[in-house]
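Here is the structure we will look at, set down as structure tokens.
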Amino acid sequence: MHFTLKQLQVFLAVASHENVSLAAAELSMSQSAASTALKELESRFDIALFDRVGKRLQLNEQGALLRPQAAALISQAEQIESALTHHSDVGELKVGATLTIGNYLAIGIVANFMQDHPSAQLELIVENTQAIANKVQNFELDIGLIEGELQEADLDVRFWRDDKLVLFCSPKHPLAKRKKLSDKELQQAHWIVREKGSGTRQAFDRAMSGLLANIDLRLELQHTEGIKRAVEAGLGIGCLSELTLLDAFKRGTLIPLYAPQRDWKRKFYFILHKQKFLSSGVQSWIDHCKSITK
């Protein structure tokens, strides 16, 4: 074999950071060692994997073709190393989750997972759907749990479970006593909603198809709790996953609204890179996620 796993690790780190210094820091190497490893890989096969623009290294066509294969090989090597070191079927696992899933479902799954795999090293990243998808595409995450629908050629999108959005308001809001909201009332309301790029916003926009051009989006916030507090303060009405609202409904600080003429159903998905090795740890994580819906 005319290349080393370390050379591939350096290549992947540089591809992620577009900078040798940052890649070296991630791998706990000196900058010169990382630079040498990359140069040796390229010179050994007489190939350039990056276009060099000033201090920035951008993947070229050859580098983009190599990246998924290198990531799959490194992933398998890490699994072998983990099994040899820890004598465990699960080693390091990097999971991404969107905000609703991360804050209201993932912690329970993590606790259950760690009980079955106490030696596993699990990292949970919580961001919106687009950010999680980008990290899975760049091999920064082993698996993502998302709320939004994606059409990406290099991602394997698998159904996980059903969910639904719920409209809600403060008990003191003028619409609080309405049993059913008409489309006209939906258009006249002040809305507090999630930001673009989130799965919740994607589902909201789809449910409100035909009305979006005429509604008042008073606030767009990234955090679910911020939206709930703004609605409690009477700034408008909101729309979030039912999962995020159950406690507030029980306390009576928020109340549900109904517009049954609109489709508020949606789905949660697993996303994986099609060319990334599906380890036993990832498969075990998927199984744990599915078990909480039974």
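Taken across the stretch 277-291, residues that are on the phi < 0 side of the Ramachandran plot, touching a Cys at 6+ places or on another chain (Cβ under 9 Å) and not in a loop (DSSP other than H, G, I, E, B) do not occur at all.
Restricting to the stretch 255-279, and then to whatever is in contact with a Phe, Trp or Tyr (Cβ under 7 Å, 6 or more places away or on another chain) and of a type in the set (Lys, Arg), can you tell me which residue is nearest to LYS179 (Cα to Cα)? Ranking the candidates gives LYS267 first. Surrounded by 13 or more Cβ atoms within 10 Å (Cβ to Cβ), of a type in the set (D, E, K, R) and either assigned by TED's automatic domain parsing to the domain that holds ALA133 or in contact (Cβ under 8 Å) with a residue 40 or more places away in the chain (or both): is that true of GLU78 in this structure? Answer is no for this residue. Consider the stretch 1-45 and keep the residues that are hydrophobic (A, V, I, L, M, F, W, C) and either touching a Gly at 6+ places or on another chain (Cβ under 7 Å) or assigned to a loop (DSSP other than H, G, I, E, B) (or both). The one that is farthest from ARG56 (Cα to Cα) is MET1.
Looking at the stretch 174-247, the helices (runs of 4 or more DSSP H) lying wholly inside it that each contain 1 or more residues that are assigned by TED's automatic domain parsing to the domain that holds GLY144, more than 25 Å from GLY102 (Cα to Cα) and modelled with pLDDT of 95 or more sit at 183-188.
Of all residues in the stretch 112-123, those satisfying the criterion of being in contact with a Gly (Cβ under 8 Å, 6 or more places away or on another chain) and crowded, with 16+ Cβ neighbours inside 10 Å are HIS117, ALA120.
On the basis of being free of Cβ contacts under 8 Å to residues at least 40 places away in the same chain and not assigned by TED's automatic domain parsing to the domain that holds ASN134, does PHE50 make the cut? Reasoning before the result, please.
Values: free of Cβ contacts under 8 Å to residues at least 40 places away in the same chain: yes; not assigned by TED's automatic domain parsing to the domain that holds ASN134: yes.
Judged against the criteria, PHE50 is a match.
Please verify whether the stretch 18-26 includes one or more residues that are at pLDDT below 95 and in contact with a Lys or Arg (Cβ under 6 Å, 6 or more places away or on another chain). Within the stretch 18-26 (the criterion being at pLDDT below 95 and in contact with a Lys or Arg (Cβ under 6 Å, 6 or more places away or on another chain)), the answer is yes, since at least one residue qualifies. Restricting GLN275, GLN283 to those that are surrounded by fewer than 20 Cβ atoms within 10 Å (Cβ to Cβ) and in contact (Cβ under 8 Å) with a residue 24 or more places away in the chain reduces the list to GLN275.
The values are calculated or read from the model by the stated rules, or taken from the named source; none is laboratory data. Bear in mind the structure is a predicted one, so any value in this text is a computation, not a measurement. Cβ atoms come from the backbone with ideal geometry, glycine included; neighbour counts cover every protein chain shown.
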